[in-house]
Amino acid sequence: MAYTAIATTTAGRNGHVDSSDGVLHHDLAMPGSDKANATNPEQLFAAGYSSCFGSAIMAVAGAGKVKPEAVHVTAEVTLNVNGSDYSLSVKLKPKIDGVDRATAEELVHKAHQVCPYSKATRNNVPVEIELQ
């Protein structure tokens, strides 16, 4: 099964983004802008990565017959600026309730191998994982 997400942005970081299905409909602004109710690409990337990584943890837990009480993932996506060079870095902060630390570490390691966002960023975007 394949799924293709489609989004169109008008006017870049200070514009507007819509998904083809009409669910995503947001004004955009530069980080730190005073523009009310606007998001930015880094927030959208953090939302996507945190939700995908959380699903990966739950998938590997299920495959291993592990039943966490809850899975929370915070993603911190940083836009690094060095002169005119821009790059991203990511810190994932997973918290897995109801399992011991060793099990949580194993789940996080396995999730990082199967998560599509982790695969996409591997060897391209620095990703740090800090188990909570």
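From zero up to wherever the largest Cα-Cα distance of the range 41-129 sits, split into 5 Å bins and tell me the percent of pairs in each.
So the P(r) values, bin by bin, are 3, 14, 26, 23, 15, 10, 5, 3, 1, 0.
Sort the following peptides by mean Cβ neighbour count (other Cβ atoms within 10 Å, averaged over residues), highest first: 57-68, 1-12.
Taking the mean over residues of other Cβ atoms within 10 Å, the ranking is 57-68, 1-12.
Step through the residues of the range 79-92 one at a time and calculate ³J(HN,Hα) from phi using the Karplus curve (6.51 cos²θ - 1.76 cosθ + 1.60, θ = phi - 60°), rounding each to whole Hz and writing x for Gly and Pro.
8, 8, 10, 10, x, 9, 9, 10, 8, 10, 9, 10, 10, 9
Dividing the Cα radius of gyration by the Kirkwood radius, what Rg/Rh value follows for the range 1-100? Each step should come with its number before you reach the end.
Numbers: Rg = 16.8 Å, Rh = 15.9 Å.
Rounded to two decimals, Rg over Rh is 1.06.
Laboratory data are not the source of any read-out in this text; all were calculated from the coordinates shown. What you see is a predicted model; the values in this text were computed from it and never measured. All Cβ positions, even for glycine, are placed from backbone atoms using ideal geometry, and neighbour counts span all protein chains on display.
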